[in-house]
Structure formats: C-alpha cells, structure tokens
Amino acid sequence: MNWVNAVIQGMLLGGQYALIACGLSLAFGVMRIVNLAHGDLAVCGAYLGLVLSSVLGVPVWVTLPLLLPAAFAVGMGLQVLLFGRALRHGVLAPVLVTFGLSVMIENLLQVAATSDPRGLNGGALTLASFHITSGITVSWLFLTAFLTACAVLSCLQLLLSRTSWGRKVRATADDLDTARLVGIRVRPVFATVAGIAVATAALAGVFIGTIGTFDPQAGTNTLIFAFEAVVIGGIGSLWGTLVGGVALGITQVVVGELNQAYAVLAVHLLFLAVLTVRPGGLFTSHQSAAEARGAGGAGGLRGFQVVGRVRGMRGRGAPG
Amino acid sequence: MIDAGSDRPLLEIGDLDVFYGDFQALFSVSMSLTRGGATALVGANGAGKTTLLRTIAGARAVASGFIRYDGSDITATPPHRRISRGIALVPEGRKLFPSLTVEENIQVGAAARASDAWPLDRIYTTFPMIAQRRRQRAFTLSGGEQQAVAIARALASGPSLLLLDEISLGLAPLVVGELYETLAGLRAAGATLVIVEQDLRRAMDTCDHLVCLLEGRVALAGPVAAVSRDEVVAAYFGEGARD
C-alpha cells in the first residue's frame, strides 16, 4: 500500500514542479532564453504573497488577483528592459544577464527579508486532507497544486492553439525572422510570453511557500528542479513538462520511501539518465519534429537542434 | 489606400546602400516601379536580388539612400507598417511556419493586414489546391502547394505591391506555369509585382520591366521590349563591363 501512496504523492508533488517549469519551457520555446532567474522570480512571488497577505490579513489565495497581474507586468517589464536587449547580443548575454538578475534578487531579498525561513498563510486548505483508503491520505493543498498545474497547462495549450495570439507565438517560435517579415510585431509577443512565464512562476512560488517554507536562497533549488522537468519532458513541449515534473516527483517520493537520503540524488540521476538516453526529452514537440524533417535527417537529435537554434538566434530582439 | 489614377511611381528607390556587417550587398541601387507593372529582377547568385527585396519589405536596414512608397518615405518604417500599407514579400525558400496548419499560416499573414486584405474564401478560390489541405501542417504539402501557401500568406495582407523571390525554385514546370497564371490574374486585378526569377525567358515573358543586378549594382534597367536577350545576358555576367 505504501508504494501506491508513494506514487500518488509523487505525482502530486510533480504537479508543483510542472507549474514552476512551464514558464521556463514557454520562454525557452518562444524566445530561446534560458532564464536562470526563473526560480528566484518564483520566490519573489512567494514574498510578494507574504507581504500582501499580511498587510491585508487574508489567506494568500485571496491576494492572487493582485499578485498575478503584478507578476505579469514584472515579466513584461523584464523582457522589454532587460531580456530583449540581452537577446540582441548573442547567446552568452542572456545567460549572463539572467544569472546576474538571479544573484541580485537573492541578495536583495536577503537584505529586505533576512534569511529567516518563511511560510505563507494558506488558510483552511493548508491542513485539510481526505482519505482514499485507510493507507492513502491526500492533502487538499497538494491536490490543488496539481490541479492548478493541469489547469494552467490546459489554458496555455488552448491559448497557443486556438487564439490569434497563440498563432503569432507559434509562428515566432518557428521562425523569428519570417514572423517579422509577414508583419508579426515580435516585441509584444515576447513581452506577453515573458509576462505569462513570470506570472506562472509567481503562482508556483505561492504554492511552494504554502506547502513548505522558503528563504531568499530557495530560488536556485527551485530552478534546478524546474530545469530538469523541462529537459526530461522535452524542451518546448508543455505536456511533456507535466510528465517530466511528475516523473521527478514520483522518483523523489518512491526513492524517499526506501531511503530519504537518496531521494534528491535519484531525481538528478533520472535527469542524467534521460539526458543520456533521450537527449531530446521524452516528448518531442510537433515543431521540433518538423525541424528534424527540415534538417534532412538530422534525426531529431536535440543536441543538434539546440545548436541550430542558437545559430538562428543572431539578430533576435531588434525592434519588431 | 493607393491612389490608382496617379502617374506617380508606386515605389521609388534612390541610391540605396545596404550592408551585412562589413560586407556591402547593395551599391547605390536606384529603381522605380510603375503602378500595375511587373518588374523582373534578375542577376546571378549573390547579385543582391534577395537583399533588395528584403530591404523593400523592411527586413534589412538601409545605410544610405531612400525608399519612397506611394508618395511617402518608408526608409525607416518597420516591416509590419509596410505590410499594412500594402507591401508583401513571398520569401525565397517559402519559409512557411512548420508547426502551423496551412490555414494558420495564411491567417498569420493577415496579422498586419492592409485595408483591402483578402478574406480566406477568396484565397481558397484562387488556390483551390490548398483549400482541401487547410487543416494540414504546412510541411506535409508538396513543394508546389507550399509555394501556393506562401503566396496566399502574402495575399492575406492585401498587398498592392507583391515581391516574389524565386517562386519557381525546385518546382515542376507545370506547377510553375500554374503559379504564373495566378500572378497574371493578380496583376489584372491591379497589383504591382516584382519577380525574382532564374528562368530569364519566363521573367521576360511575364514582366514589362527588367532590372538586372550585378554584384550589388544595377547593370541594366529598362522596359523588356527595349532590351535584347543578349544585352541582358551580358549584364547578367558583367561581360560588357570588362570589354
């Protein structure tokens, strides 16, 4: 019975990883930017939730209508002021800029909030749970996080596949240069994508802060798990990201059942194993299948593809 | 919209210099397009034809010189504003978006449409071969169908000036013939065309004006009726310059 429980708990935990990872995946898929500050932005979301819920004296969920639009605006601002400029200067600049942003955020939080671990007020949801059988108890909070991840991914998928905004995003992700040439204004596309990425990160940060505790340094660890979920699932594939997150979660809890000391190590080993056996991740997006075809038998080797993409990145981010 | 009655050229280019980094691709290129005309842009590989089209479409910055369209200067206008004023490019190699369906590719072309943009049903009437394939991903189509989608994507913006870059590349002659028939129809409907074409005879049969580029410079320009094939070939290979 323990094992069934471990798998269920792991799956629910994986939902949290997927929620933090989907913004990372979206930003990389569209803008080819690996945002090393993504985890720290999630932690900022948690701190903002802490401030808002203490000032207003309400559970953190009530503050989401304020918090998420603020995070969206921050994401748009970062894209316009920072990432967009960095993308214009080759491959290394965005890595350095987002790494620098990560260091700055962690140190500013340290100064402003001290390194004391904090937790968020999740209201009645925090401790509520229900029994499936005598041996399996599911926390409403974990279930909510998992369902929220599924809902966010579904919404993103629908937005991308059904709306005119989504068409522009996918066209831009396919071929930036041609997107501009056919009249797509790339800057607003990039800004909204960055806004969504940061808003989902902040939402994930709220769950992280409600389920456990967080401190100014928590972003780094968060980033690693998110990054691994993205790579395992297949870069740019949203549902792959959910599967990647769930794979991480199940591995962590099941191995933790055997020996808690090896739980996190097992997660990293799973990541390395997937990277070795299927460097493209478990799920290849339609787009990359097409690219593989276009590359004339480059054979879906994702390593290859990333090089191709990086080359294609020159001249990105000029006014669109 | 475009004032069709005017004698003013639709597009005027003057002394255009364009660079790729340190490499100069165009040297003092000047040309002008009459309304409703068709201009063949010919020249060897690397002569600057694609660069010139991309510069007119706004994808390349101009180092010096001017581009004037329908009476106003567009030298520094971003691509989406040029499209909404009626300039559309069918890029070399088609450049369809592989993860989009045929219909989505066409819809994306209408992102910055001009006032008389083509509705989807008019596009499907013009290109019946792609109408049945509208839900398929663009990369699953044949070369000719993909080229039709690329032209349809440009038409979706409602262009007055259509720039076509090597649309017959890699296609069967029969398919090329069909595409050129479609172009004749567009011209009859009032569109102004610039066609980059390797097949010199087809270019001279289709167009009323010819501009030949040689190493980034205009080597020959004039009405097709006034230039002989030999003159064009000489300009194409730069033989005249070396005599």
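Derivation of every value follows stated rules applied to the coordinates shown; laboratory data play no part. Being a predicted model, the structure only gives us computed values, none of them experimental. When we count neighbours, we look across all protein chains shown, and the Cβ atoms used for this are built from the backbone with ideal geometry, even at glycine.
For segment A:126-136, just list the computed ³J(HN,Hα) in residue order, Karplus coefficients 6.51, -1.76 and 1.60, θ = phi - 60°, integers in Hz, with x standing in for Gly and Pro.
Computed from phi, the couplings for segment A:126-136 are 4, 9, 6, 7, 9, 9, 8, 10, 4, x, 10 Hz.
Helix A:218-233 sits at what angle to the longest principal axis of chain A, using alpha carbons and giving 0 to 90 degrees rounded to 10?
With rounding to tens, the tilt is 60 degrees.
Counting only residues 5 or more places away or on other chains, whose amide H sits under 5 Å from the amide H of B:Leu26 once H atoms are built in the peptide plane?
Hits under the 5 Å cutoff: B:Val18.
Could you work out, residue by residue across A:205-211, how many beta carbons of other chains sit within 10 Å of that residue's beta carbon, and then give the average as an integer? Each step should come with its number before you reach the end.
Details: counts 0, 0, 0, 0, 0, 0, 0.
That works out to 0 on average.
Using the beta-carbon distance between B:Ala226 and B:Met129 and R0 = 30 Å, what value does 1/(1 + (r/R0)^6) give for FRET efficiency, to the nearest 0.05? Could you put the intermediate results ahead of the total?
Values: r = 37 Å, r/R0 = 1.23.
That pair, B:Ala226 with B:Met129, gives E of 0.20.
Let me have the relative contact order for chain B, percent, based on Cα pairs under 8 Å that are six or more residues apart.
Details: 480 pairs, mean separation 62.1, N = 243.
Taking the mean separation of contacting Cα pairs over the length of chain B, I get 26 percent.
Tell me, what HN-Hα J-couplings in whole Hz come from the Karplus equation 6.51 cos²θ - 1.76 cosθ + 1.60 at θ = phi - 60° for each residue of segment A:16-26, using x for Gly and Pro?
With the stated coefficients, segment A:16-26 comes to 5, 4, 5, 5, 6, 7, 5, x, 4, 5, 4 Hz.
Would you mind computing, in nm to one decimal, how far apart the modelled labels at B:Asp205 and A:Trp165 are, each placed 7 Å from Cα along Cα→Cβ?
Distance between the two pseudo-spin positions: 5.0 nm.
Relative to the longest principal axis of the C-alpha atoms of chain A, give the angle of the C-alpha long axis of helix A:302-312, reported between 0 and 90° and rounded to the nearest 10°.
Compared with the principal axis, the helix lies near 50 degrees.
At a Förster radius of 45 Å, what calculated FRET efficiency corresponds to the Cβ-Cβ distance of B:Leu120 and B:Asp73, to the nearest 0.05?
On the way: r = 33 Å, r/R0 = 0.74.
Efficiency, from the Cβ-Cβ distance: 0.85.
Nearest 10 degrees is fine. How inclined is helix A:38-56 to the longest principal axis of chain A, computing both from alpha carbons?
50 degrees
As an exercise, find the ratio Rg/Rh for segment B:74-190 from alpha-carbon atoms, using the Kirkwood inverse-distance average for Rh.
On the way: Rg = 13.3 Å, Rh = 14.1 Å.
Rg/Rh for segment B:74-190 comes to 0.94.
What do you get when you divide the Cα radius of gyration of the protein assembly as shown by 2.2 N^0.38 Å, with N the number of residues? Working shown, then result.
Values: Rg = 27.8 Å, N = 563, 2.2 N^0.38 = 24.4 Å.
Cα-based Rg divided by the globular estimate yields 1.14.
Give me the Å³ per residue figure for the convex hull around the C-alpha atoms of chain A.
Details: hull volume 42.9 nm³, N = 320.
Each residue corresponds to 134 Å³ of Cα convex hull volume.
For segment A:1-145, report the % of Cα-Cα distances exceeding 18 Å. Can you show the working numbers first?
Values: 6936 of 10440 pairs.
In whole percent, the share of Cα-Cα pairs in segment A:1-145 beyond 18 Å is 66.
Using just the Cα positions, wrap segment A:62-185 in a convex hull and report its mean projected area in square nanometres, one decimal place.
Details: hull surface 48.7 nm².
Computed as one quarter of the Cα hull surface, the answer is 12.2 nm².
Enumerate the calculated ³J(HN,Hα) couplings along segment B:105-113 in order (Karplus 6.51 cos²θ - 1.76 cosθ + 1.60, θ = phi - 60°), each rounded to whole Hz, writing x wherever the residue is Gly or Pro.
Calculated HN-Hα couplings, in order: 4, 5, 5, 4, x, 8, 4, 10, 5 Hz.
Give me log10 I(q)/I(0) at q = 0.15, 0.25, 0.28 Å⁻¹ for segment A:181-226, Debye formula, one equal scatterer per alpha-carbon, no solvent.
With one equal scatterer per Cα and no solvent, log10 I(q)/I(0) is -0.52, -0.92, -1.03.
Please list, ordered by chain and number, the residues whose modelled amide H lies under 5 Å from the amide H of B:Leu89; skip anything fewer than 5 residues away on the same chain.
B:Leu163
For chain B, state the semi-axes of the equivalent ellipsoid (square roots of 5 times the eigenvalues of the alpha-carbon gyration tensor), sorted largest first and rounded to whole angstrom. Write down the numbers at each step before the final one.
Values: eigenvalues 157, 84, 60 Å².
Here the semi-axes work out to 28, 20, 17 Å.
What share of all Cα pairs of segment B:1-128, in percent, falls into each consecutive 10 Å distance bin?
P(r) for segment B:1-128, in whole percents per bin: 11, 37, 35, 16, 1.
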